[in-house]
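Heads up, the thing below is written out as structure tokens.
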Amino acid sequence: MELEIDIAADWPSPPDWEDLAMRAAAALAEVAPELANPRLQASVLFADDGEVHELNREWRGKDKPTNVLSFPMLERDDLLGLPADGPPELLGDIALALETCAREAADKGIALADHAVHLIVHGLLHLAGHDHELGPEEARAMEQLEIKALALLGIADPYGDHEGP
């Protein structure tokens with residue numbers, strides 16, 4: 001998967017957010033093979049709460065910021081049936097909100113970079129058609145993919161209540 005990355009807010013440096021997003025996508029492709037398709041393209045926006053608040057209000061009707069937004073462009077069946085050869089296909093866009101992510105990371109006692117990686121993985125899974133709000137089975141399946149991808153990057157289980165992947 002190819003990522004287009006835009007850092008539109010004052011995300012602290014280090015780390016290299018672009019490299020972090022690329023590593024997150026690569027790890028996820030190892031555990032969710034449908035995301036390893038070389039035709040796929042997605043965008044990752046590192047924004048601030050104000051921009052994500054606007055996007056959330058405009059596109060989801062929710063008048064508040066959130067940690068990550070996902071805007072899928074492919075149906076899951078289309079993604080699963082996508083041949084490896086052909087023109088690029090836009091999987092979708094995700095946007096992360098700096099202040100919300102930083103606050104959540106501080107509340108959890110984890111590094112902002114680790115939390116951001118988790119949210120990138122989570123957002124990309126939403127682009128791939130996974131949805132934890134469909135019920136406990138789908139939530140558990142999505143969490144397991146997140147845990148496995150994060151483990152490949154040396155990041156602990158963000159849910160903290162599982163025995164492992």
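As a summary of the residue check, His118 satisfies the conditions (1) in a loop (DSSP other than H, G, I, E, B); (2) crowded, with 18+ Cβ neighbours inside 10 Å except for the one numbered (1).
Set side by side, the residues Ala95, Ala113, Ala105, Ala84 differ, and just one is assigned to a loop (DSSP other than H, G, I, E, B) and either touching an Asp or Glu at 6+ places or on another chain (Cβ under 6 Å) or open to solvent by less than 70 Å² (accessible area, probe 1.4 Å) (or both), which is Ala84. For the range 13-34, the set of residues classified as in contact with a strand residue (DSSP E or B) (Cβ under 8 Å, 6 or more places away or on another chain) and crowded, with 17+ Cβ neighbours inside 10 Å consists of Trp17, Ala21, Met22, Ala25, listed by residue number. When you look at Asp63, is it out of contact with any helix residue (DSSP H, G or I) (no Cβ under 6 Å at 6 or more places or on another chain), modelled with pLDDT of 95 or more, surrounded by fewer than 17 Cβ atoms within 10 Å (Cβ to Cβ) and over 12 Å from Ala128 (Cα atoms), yes or no? Taking the combined requirement at face value, the residue does not satisfy it.
Looking at Glu138, Glu143 in this structure, which one is within 22 Å of Arg23 (Cα to Cα) and free of Cβ contacts under 8 Å to residues at least 24 places away in the same chain? Every option except Glu143 fails the conditions. Looking only at the range 121-156, filter to residues that are of a type in the set (Asp, Glu) and under 15 Å from Val31 (Cα atoms); which one of those is most open to solvent (accessible area, probe 1.4 Å)? Checking each candidate, the answer is Glu143.
The values are calculated or read from the model by the stated rules, or taken from the named source; none is laboratory data. These figures come from a predicted structure and were not determined experimentally. Don't worry about glycine lacking a Cβ; one is built from the backbone with ideal geometry, like all the others, and counts go over all protein chains shown. Note: accessible area is taken over every heavy atom of the protein model, side chains too, but ligands, DNA and RNA are not part of it. Shrake-Rupley method; radii C 1.70, N 1.55, O 1.52, S 1.80 Å.
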